[in-house]
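Worksheet: one structure, shown below.
No value in this document is a laboratory result; all are computed from the given coordinates. Since the structure is predicted, the reported quantities are computational estimates derived from the model, not experimental observations. For neighbour counting, all protein chains shown are included, and Cβ atoms are generated from backbone atoms with ideal geometry for every residue, glycine included.
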Amino acid sequence: MASPKKIKKEAKETAKVTAKDLAKKQREISVSEFFTKNRHLLGFDNPRKALLTTIKEGIDNSLDACEEAKILPDIKVQISNIKKSEDRFIVTIEDNGPGILKTHIPKIFGKLLYGSKFHTLKMSRGQQGIGISAAGMYGQLTTGKPILITSKTSPKMPAHHYSLVIDTQKNEPRIVKDEVVDYEVKRGTKVVIELEARYQKGRQSVDGYIEQTSIANPHADITYINPEDKEIRYPRASKELPIEPKEIKPHPYGIELGILIKMLHDTKSKNLRSCLTKDFSRVSTRVADEICEKAGLHGKARPSRIAVQEADALFKAIKLTKIMNPPTDCISPIGKNAIIKGLQKQINADFFTSNTRPPSVYRGNPFQIEVGLAYGGDLPEEGLIRLMRFANRVPLLYQQSACVVTESAINTSWRNYGLSQSTGALPSGPVLLMVHLASVWVPFTSESKEAIAHYHEIEKEIKLALQECGRHVSTFIKRKKRAAEEFKKKLYIKKYIPHIGIALKEILDLNDKQEQKIINNLTDVLERSRS
Ligand SMILES: Nc1ncnc2c1ncn2[C@@H]1O[C@H](COP(=O)(O)OP(=O)(O)OP(=O)(O)O)[C@@H](O)[C@H]1O
Ligand SMILES: [Mg+2]
């Protein structure tokens, strides 16, 4: 044990650390440095997941870009294992999208939090502006290799090739190579990332991700070359592009006080009334006047002069005013028929059904729930059903139990629909269930975008959609059960028809011909009966 003298001396030394000393250590942390230490937040927590996340970020971007440019996506994904003994792979993702302007390539791939989707309220797969640069940064960290990008924006323009690394301290791109190259495509982008990773087959793998992507995106044509050099084609099942989602302005109900204050400060409008009508969705002049009146503010007040207390009154007044729900053309659901086409493409089942709910709103953000269900066929009779979760057409493969989709499926009474279910579990039976949430802003539980947060409105909509599909499948199951019972009965009766013939022949003293006629007639009646 230390002597009291020593303890006193140590305490004195600790007390010596001054604010000045601390100030020496205080400095800005760049977002790249932060995510280098916290790579698990972005889905790079182990080599297996790193491979999936890299491919997911690349495919999501390609699909988003193609759809924005109204191009039917043709995507090629290749994973090559360079040295068979090592856990090192080269991932290549190539699309036929609009390409990327030369001037923008370095920032897109070499700077975290740089993108086109964060500030827009419309449905897209990407939202944060981190995805592809984080994948490149992970590759750079684990292999020291730069990310390679080749992009062409028109058949008449030259293709540009960049080789980039991220300066993590500054969160800025450093260009290693910048050249004009031959690229034998009309337009498109090719991204190559070398990374430390592990390839494994199975549902939570790249294979499962690509298969599910093709189900939720029947308009996409995907060619996948796995590390064993095997080519797997997912041809498109529909030539219809998803309806283009429109950008909307924020809805007043979804705005928090701090954001409202910032919006009042930044607005280009000269007075409060026009700020409310122009910067928000669904605020007419009448509604704006009502809000101002309830807040005790003048519609002609200068927005930038509104004090915090007044903004608070305005915030409360918004909550007390009835405002129409936001427009819903900012979301583009997969659609009832396309869901079935997508499922039929990959799953061999006896029965398919789907349901697209009308749009709804959580925290001022419009969203829409869709459900697809396949029953029977090749789906396994034993065990829990297979649940596929999607957010803005992107499959979610991890954190199933933390997701509102799973909870809603567990909280639905599947026994009412002819499936067995233990308390607190998913139902069992030969069922594949897909649930899709389409929204202008998906409330993920973390930046790695793996599970959807528990909003009451979202849970309610999922349950309503599941119940509808449940009713459809229950009718099919009942009909199937009845048909099976009738078939059994028929077989039983059929066995006795010859005996009836013999008995009647004896009682009525009939000849062989008459006996055969009775047998034929009875068989005919049985065959004609409903099966
Ligand atoms: N293949 C591509 N073709 C055209 N533009 C692309 C492509 N890949 C990326 N981009 C552009 O680069 C931006 C940044 O991509 P990044 O994946 O980093 O972020 P994001 O997709 O906006 O959001 P998230 O972090 O959620 O993925 C995109 O917003 C898009 O504008
Ligand atoms: Mg992205």
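Some points to look at:
- Total charge dipole magnitude, the chain, about the Cα centre, Cβ charges on Lys, Arg, Asp, Glu only, Debye to nearest 20: 1460 debye
- Among Thr92, Tyr199, Val440 the positive-end extreme of the charge dipole of the chain (Cβ point charges): Val440
- Two-decimal log10 I(q)/I(0) for segment 137-176, as the Debye equation yields it once each C-alpha is a single scatterer, q = 0.14, 0.33 Å⁻¹: -0.39, -1.08
- The smallest convex shape that holds all Cα atoms of the chain, its convex hull, gives 296 Å³ per residue.
- Computed over neighbours whose Cβ is under 13 Å from that of Thr321, the net charge equals +3, Lys and Arg +1, Asp and Glu -1.
- Rg and Dmax, both from the Cα atoms of segment 218-295 and both in Å, are 23.1, 69.
- Dipole magnitude for segment 252-320: about 240 debye, using +1 per Lys or Arg Cβ and -1 per Asp or Glu Cβ, origin at the Cα centre.
- Cα gyration tensor shape of segment 252-320, rounded if a/c is under 1.5, else prolate or oblate by comparing a/b with b/c: rounded
- Amide H to amide H distances under 5 Å link Ile232 with Tyr224, Ile225, Asn226, where only residues 5 or more positions off or on other chains count and H is placed in the peptide plane.
- Counting charges near Asn511 (Lys, Arg +1; Asp, Glu -1) among other residues having Cβ under 13 Å from its Cβ returns a value of -1.
- For the chain, the residue among His104, Ala311, Phe352 whose Cα projects farthest onto the positive side of the dipole built from Cβ charges is Ala311.
- Two-decimal log10 I(q)/I(0) for segment 350-447, as the Debye equation yields it once each C-alpha is a single scatterer, q = 0.12, 0.13, 0.25 Å⁻¹: -0.41, -0.48, -1.44
- Built amide H within the under 5 Å cut-off of Arg393, gap 5+: Leu437
- Using the alpha carbons alone, the radius of gyration of segment 460-507 stands to its Kirkwood radius in an Rg to Rh ratio of 1.50.
- For segment 139-222: rounded, prolate or oblate by the Cα gyration tensor [a/c cutoff 1.5]: oblate
- Whether segment 33-234 is rounded, prolate or oblate, judged on the alpha carbon gyration tensor where a/c under 1.5 counts as rounded: rounded
- Amide hydrogen neighbours beyond the local backbone of Gly97, cut-off 5 Å, H modeled: Thr189
- Between Leu504 and Asn348, the contour length at 0.36 nm per residue exceeds the alpha carbon distance by 51.3 nm.
- Placing +1 on each Lys and Arg Cβ and -1 on each Asp and Glu Cβ, with no other charges, gives segment 33-234 a dipole about its Cα centre of roughly 280 debye.
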